[in-house]
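For reference, the structure discussed in these notes is given below.
The values are calculated or read from the model by the stated rules, or taken from the named source; none is laboratory data. Since the structure is predicted, the reported quantities are computational estimates derived from the model, not experimental observations. Methodologically, a virtual Cβ is constructed for each residue, glycine included, from the backbone with ideal geometry; neighbour enumeration extends over all protein chains shown.
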C-alpha cells in the first residue's frame, strides 16, 4: 500500500497542477511608432479595472500580456491618438498593425470576437444619420443577443456621446440576452450618464493648482472673469503634437483680452515635455500633471483620448465639452465679444447709478 502511494503521489500532484487555476494570458503585440513611445491600456466594461502604461522599445515595437478568464473588452490608446478596441480572450495572441490606406488606421488580427466587432464597427462608423446608426445596432443585437460586443457598441455609440438618450439605451438593453441584461456595466450605466452630465455644460469646473514656472502658480481663480480654454495633451502623443500648434491660431482669432489658455500635459517623464514647450512653441500657460492618466481631472471628466479641450466661462462654468481646436477660435471670439459688451454695459450702468446717487446726495446737502 505504501509503495502504491509512493507512485501515486507525484501523479496526483501533476494532475492537480494541470486542472487547477492556471493563468490564461491574452497577448497583444505590434509596432506603435517609429520611436520609443507610451500606450495606455484600460478596460471598457468594469471587468478590467486597471490602467496600464505600456512602453515600446526604441523602434516603437511593443508586446504586452494580461491574464483573462473570459472575453474582456479593452481599449488601447495609440500614440497617434486613436483608441483601438481589443477583445482579450484566454490563450489568444493578437497583433496590431497600421494601414494608412484605411479609415480605421489600426487593424487588429486575432480572435473571432475581434473580427466580428471590427466588421460591425466599420459599418457603424460609416453611418451619417442617427436613425441609420440605431437601425444597425438594433439589427446586430437581434442577430447576436448574447455577444459581449453589444456592451461595447452601446457604450461607444450610445452612452459615451455628448447627449445620451436613456430611452434608446434602455430599449437596446431590453433586447439583449438575459445574461447580458444582468451585466454589472448596465447596472451602473445610468450613474455614468448622470456623472457625465454633471461634469459638462453649465457645471462648475473643479478647483486645481499647478506650477506654471518656478515662480508662478495657476489655480481656477487665476482665470476668473475670463474665458479659459483648458487642453489636456501629452508631448509623447503624436496627435497632441500635431494639434497643439493650432492654439496660436485660436489665440489670434480671439480679439478679447478676457481670454486665457491653460495646457495640462499628462506626462510620465517631464524631460521631453520641457523640450517641447521651450520658446513658447505651445501658446498659453503650460502645466505638467505627473500623475498622467491617474490625475483627478482626467478621471472626473473620463478623458480617454488626447488632446481634449474644455471651455470654461468667466464665471468658472463649463461652456463647451470636448471642444475641437479647429472650431475653438470662432466660438470663443463670439462668446468673449458678447461678454465684453455686457461687462461694458454693466460698468456704464454702475457709473450712471453712482453719478445719480452723488447728484442726489449733493442736492440733499444743499437743501439742508
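Points to keep in mind about this one:
- Residues in the stretch 162-171 that are touching a helix residue (DSSP H, G or I) at 6+ places or on another chain (Cβ under 8 Å) and part of a loop (DSSP other than H, G, I, E, B) were compared, and the one that is modelled with the highest pLDDT is 165.
- Residue in the stretch 261-284 that is at pLDDT 95 or above and over 26 Å from residue 84 (Cα atoms) present: yes
- Taking the stretch 22-61 as the region of interest, the strands (runs of 3 or more DSSP E) fully inside it that hold 3 or more residues being in contact (Cβ under 8 Å) with a residue 40 or more places away in the chain, more than 19 Å from residue 266 (Cβ to Cβ) and touching a strand residue (DSSP E or B) at 6+ places or on another chain (Cβ under 8 Å) are 25-31.
- So residue 260, is it surrounded by fewer than 19 Cβ atoms within 10 Å (Cβ to Cβ) and either without any contact (Cβ under 8 Å) to a residue 24 or more places away in the chain or not in a loop (DSSP other than H, G, I, E, B) (or both): yes
- Any hit, the stretch 3-11, residues being modelled with pLDDT under 85, at negative phi and in a loop (DSSP other than H, G, I, E, B): no
This table checks each residue for (1) on the phi < 0 side of the Ramachandran plot; (2) surrounded by fewer than 19 Cβ atoms within 10 Å (Cβ to Cβ); (3) modelled with pLDDT of 85 or more.
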{"residue": "300", "(1), (2), (3)": "yes, yes, no"}
{"residue": "306", "(1), (2), (3)": "yes, no, yes"}
{"residue": "319", "(1), (2), (3)": "yes, no, yes"}
{"residue": "326", "(1), (2), (3)": "yes, yes, yes"}
{"residue": "341", "(1), (2), (3)": "yes, yes, yes"}
{"residue": "351", "(1), (2), (3)": "yes, yes, no"}
{"residue": "354", "(1), (2), (3)": "yes, yes, no"}
{"residue": "359", "(1), (2), (3)": "yes, yes, no"}
{"residue": "365", "(1), (2), (3)": "yes, yes, no"}
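- Tally of residues being within 17 Å of residue 78 (Cα to Cα), in contact (Cβ under 8 Å) with a residue 24 or more places away in the chain and out of contact with any helix residue (DSSP H, G or I) (no Cβ under 7 Å at 6 or more places or on another chain) across the stretch 105-117: 2
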